[in-house]
Structure formats: C-alpha cells, structure tokens
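**Q** The structure follows.
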C-alpha cells in the first residue's frame, strides 16, 4: 500500500513540476516530511531524485545549444567543493543524523522562503534584467566571474543541507549576474549546473546513509511520466494564478521549517 502512495506522491510532484516549472526539491522534500520520513532521509533521497529528473532536461538543452558551459563551470567551481565540505562536516562532526536534523530543517525553511520569493517575483527579476541596470547590477556584472563562484559556494552548501534551491535560486543568481543572458539560456545553464550539484550532494548523502532507494524508485516511477503530462497542461493553465498560490504554499512551509 505504501508503494502505491509513494508512486502517487511522485506523480503529484511531477505534475506540479511540469505545470509550474518549479524544481521538485521545494515540493518533494516537504511532502516526504509530511509522510513521516526523517529530514536526513527526505533530503538525501530528494537530491538523487532531482539529479535523475533533471538529467533529461540537460540532454535537451545541450541538443538545442542553450547551455553556457563557462558559467556552469564557474558555478560548479564554487558549489561542488562546498557540497563536499558540507558532507565532510556532517560526517565527521556529528555522531548521528539526529544531531544535525535541526540544521537540515532550518536550511530547508530558509531555501523554501527564498524559492517562494523567487517564484513570486520572477517576472519582476526578468523585467529588471532587461532594463537599464543600476550601479549595484553594473558592479555585479563587472565582477560576474568571482561573484558566480561565490554564489556557487552558497548554493552548494544550502542545496546539500536542504535539497532545495538548485533550480529557482540558481536561476535568480543568473538573472542578477548575467542580465543579458536570454531566458532560455538561463534555464539551460541552471539545469546543467543543478544536475552535477544534486548528483554529488546525493552521492554524499548515500555515503552518510541518508538515501532510501526503494522510496527513490517509487518516486521516479510516478514522476517521470507525470512531468511530461504536466508540461503539456502547463501551457493551458493561467500562470498568474498558479504561481502566486504555489509561492504562498512554499512561503508558509518555509516559515514553518525555519522558525518552528
């Protein structure tokens, strides 16, 4: 009975991802916590789930030549070492996952709040990126390379701790640092970085014993076809209603996990 429930959970999240374009981590991890899974298992399993589900997107974007490999390399130069160091700290400074559960749930809350804000103001971010840039944005774009590496460090740490942010937060970083980058290239570059980051972080959580492979299999069985269906439905549904509702749900969940 649990297997059917987890397959349906994967399908519901996959459908939501397809419709909204918001990464599965911000939806799947809270759902797994709701099912009663410990935070470390929910986050570790979701990281591997994200790596697999985003993999197909990388192939498609590579085929369409919409990935900026230099930017991916800069992000990864910060995020991959940060992820490995985070895993090392969790392994060597805590005797049991129970001792770092609070760190994981607080990180999850913070990243859900950030994701909610990005979802809510994504259109505004895109519009600002296309307008005449201000002083701060000019400075950021002039120093885009080191800033990208620094943001990669932040992303690597928090994605490893929360499983959330590789998509929405990563895209927001690209919009701010590379305002002239076409939106389709922002998406392609963001996904191309998210896959190795979530894969490395997920393997790290396997090393920590935080991944439930039976659960992962059920989630993938349900979600992969549902993402395709959701993508088709998304084109027909009013985005101006769906996105604010989703942002509100993520914000409430974020506040819950960050502060309570």
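**Q** Which of 243, 142 comes first, and how do the rest follow, when ranked by fewest Cβ neighbours within 10 Å? The partial results should precede the final answer.
**A** On the way: 243 17, 142 9.
Final ranking by Cβ density, sparse to dense: 142, 243.
**Q** Next question. Calculate the spin-label point distance for residue 213 paired with residue 121, positioning each point 7 Å from the Cα along the beta-carbon direction, and give it in nanometres.
**A** Result: 4.4 nm between the two label points.
**Q** Something else now. Order by neighbour count: 29, 86, fewest other Cβ atoms within 10 Å first, most last. It would help to have the intermediate numbers written out before the result.
**A** On the way: 29 31, 86 20.
The order, fewest Cβ neighbours first, is 86, 29.
**Q** Suppose we look only past 16 Å in the calculated P(r) of segment 50-122. What percent of the Cα-Cα pairs does that tail hold?
**A** Details: 1881 of 2628 pairs.
Everything past 16 Å amounts to 72 percent.
**Q** Right, here's the next one. Given a cut-off of under 8 Å on Cα pairs at least six residues apart, what relative contact order in percent is computed for segment 2-259? Intermediate values should be presented prior to the final figure.
**A** On the way: 406 pairs, mean separation 116.0, N = 258.
Relative contact order for segment 2-259 comes out at 45 percent.
**Q** Here is a further query. Quickly estimate the mean residue ellipticity at 222 nm for the chain, helices only: each DSSP H run with n ≥ 4 gives -39500 (n - 2.57), and the total goes over all residues, rounded to 500. Write out the running numbers ahead of the final one.
**A** Details: 11 runs with 215 residues, N = 260.
Calculated from helices alone, the mean residue ellipticity at 222 nm is -28500 deg cm²/dmol.
**Q** Which order do 185, 93, 143, 205 fall in if you start with the one that has the fewest other Cβ atoms within 10 Å?
**A** Exposure proxy ranking, most exposed first: 93, 143, 185, 205.
**Q** Choose one answer from 150, 28, 48: the residue with the largest mean-square fluctuation in a GNM of the chain with alpha-carbon springs under 10 Å.
**A** Taking springs between Cα atoms under 10 Å, the residue moving most is 150.
**Q** Hey, could you pull the Cα Rg and Dmax for segment 165-234, both in Å?
**A** 15.2, 43
**Q** Three principal axis extents, largest first, for the C-alpha atoms of segment 22-83, in Å?
**A** 41, 26, 15
**Q** Mind pulling up the Rg/Rh value for the chain? Radius of gyration and Kirkwood radius, both on Cα. Write down the numbers at each step before the final one.
**A** Numbers: Rg = 17.4 Å, Rh = 18.3 Å.
Using Cα coordinates only, the ratio equals 0.95.
**Q** Could you give the length gained on full extension between residue 256 and residue 70, defined as 0.36 nm per residue of separation minus the Cα-Cα distance, in nm?
**A** On the way: separation 186, 0.36 × 186 = 66.96 nm, distance 3.75 nm.
So the extension gain works out to 63.2 nm.
Every number here is computed from the coordinates shown, using simple stated rules; none is lab data. None of the values given here were measured: they were computed from a predicted structure. Methodologically, a virtual Cβ is constructed for each residue, glycine included, from the backbone with ideal geometry; neighbour enumeration extends over all protein chains shown.
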